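The values are calculated or read from the model by the stated rules, or taken from the named source; none is laboratory data. Source: prediction; values computed, not measured. All Cβ positions, even for glycine, are placed from backbone atoms using ideal geometry, and neighbour counts span all protein chains on display. For the accessible areas, the whole protein counts, side chains as well, though only heavy atoms, and no ligand, DNA or RNA atoms are used. Shrake-Rupley method; radii C 1.70, N 1.55, O 1.52, S 1.80 Å.
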Amino acid sequence: GSEMCIRDSLNRELIEFPSGVTNRNEAISHRLKSAGLTRKIGINQVRAIRFILSGSPKDMKQIEQAGKLDEWCRDSVEWMKRTYGSENVVSAVLHMDEETPHIHATLIPIVQTERRKKKSEKLVKKNYRKKPIGAARLSANDIMTRQKLKAYQDGYALAMAKYGLKRGIVGSEARHTTTAQYYRDLKRQAGELEEDVRQLQAERQQEEQILDEVKKEIKSERLEVAKTEAKAALVAK
């Protein structure tokens with residue numbers, strides 16, 4: 001309803017989608033399709049990583065009051081592109097619907113490095129087809145190593161120093177959002193899910209209506225197939 005419209009108008013897309021792409025999910029698919037991956041994507045493989053970029057409520061308020069929010073957004077997105085590859089950062093949205101401005105960014109974990117061999121693989125010499133070194137691979141594991149995560153935090157802190165943002169405690173398990181903020185985020189995401197569920201329920205209602213109409217038309221044995229197909233389509237949905 002109106003609440004959704006107000007909320008949506010507060011969120012701002014910071015990255016232009018490629019032509020023909022209208023939302024985040026399509027942007028993810030588009031990147032995966034156009035990256036030149038040589039391996040088939042496994043069913044359990046991580047296709048996208050979500051980031052939240054922000055600072056303490058106090059710091060973010062100061063940035064906003066100083067009129068530097070746009071610049072902060074630009075620098076944050078630039079840092080992500082530099083760090084993970086411009087094409088891999090497929091979406092970034094500034095959320096203003098909470099009291100602390102924050103960016104939700106979506107990263108596709110595509111790397112150009114050679115695959116790290118597992119210890120067990122060294123013993124077995126398989127005739128793998130030689131892949132060109134630096135071929136594009138989808139690998140969240142390569143991006144999310146403990147060492148690299150630390151380096152990312154250091155790097156982002158450096159890029160943000162001019163805004164007076166300081167890095168969180170090195171090696172701490174501290175969450176940089178307050179617990180209350182964290183739960184508010186979760187609640188908001190749950191709200192977004194409710195919207196999706198409502199949408200699906202509306203679609204399902206429509207399909208059940210169609211199914212009823214089909215049932216009414218089924219008077220003879222010959223239309224029994226149509227009935228089964230309509231049911232299958234509904235179940236699949």
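Points to keep in mind about this one:
- Number of the exception - ALA66 against (1) open to solvent by less than 40 Å² (accessible area, probe 1.4 Å); (2) over 21 Å from THR106 (Cβ atoms): (1)
- Options ILE63, ILE49; residue that is in contact (Cβ under 8 Å) with a residue 60 or more places away in the chain, under 19 Å from GLU16 (Cα atoms) and in contact with a helix residue (DSSP H, G or I) (Cβ under 7 Å, 6 or more places away or on another chain): ILE49
- Any chance GLY55 is at pLDDT below 85, open to solvent by less than 70 Å² (accessible area, probe 1.4 Å), within 28 Å of LEU165 (Cβ to Cβ) and part of a loop (DSSP other than H, G, I, E, B): yes
- Candidates in segment 11-25 are the residues that are farther than 23 Å from GLU99 by Cα and open to solvent by 80 Å² or more (accessible area, probe 1.4 Å); of these, the one that is nearest to the chain's Cα centre (by Cα) is ASN25.
- Residue match in segment 95-102 (condition: open to solvent by 20 Å² or more (accessible area, probe 1.4 Å), at pLDDT 65 or above and among the hydrophobic types (A, V, I, L, M, F, W, C)): yes
- ARG146 vs. criteria modelled with pLDDT of 65 or more, more than 30 Å from TYR84 (Cα to Cα), open to solvent by 100 Å² or more (accessible area, probe 1.4 Å) and not aliphatic (A, V, I, L, M): no
- Pair list, Cβ under 6 Å, 6 or more apart: segment 77-103 residue farther than 18 Å from LYS150 by Cα and of a type outside the set (Lys, Arg), other residue assigned to a helix (DSSP H, G or I) and open to solvent by 50 Å² or more (accessible area, probe 1.4 Å): VAL89/LYS81; SER91/ARG24; MET96/LEU10; ASP97/LEU10; GLU98/ARG184; THR100/PRO57
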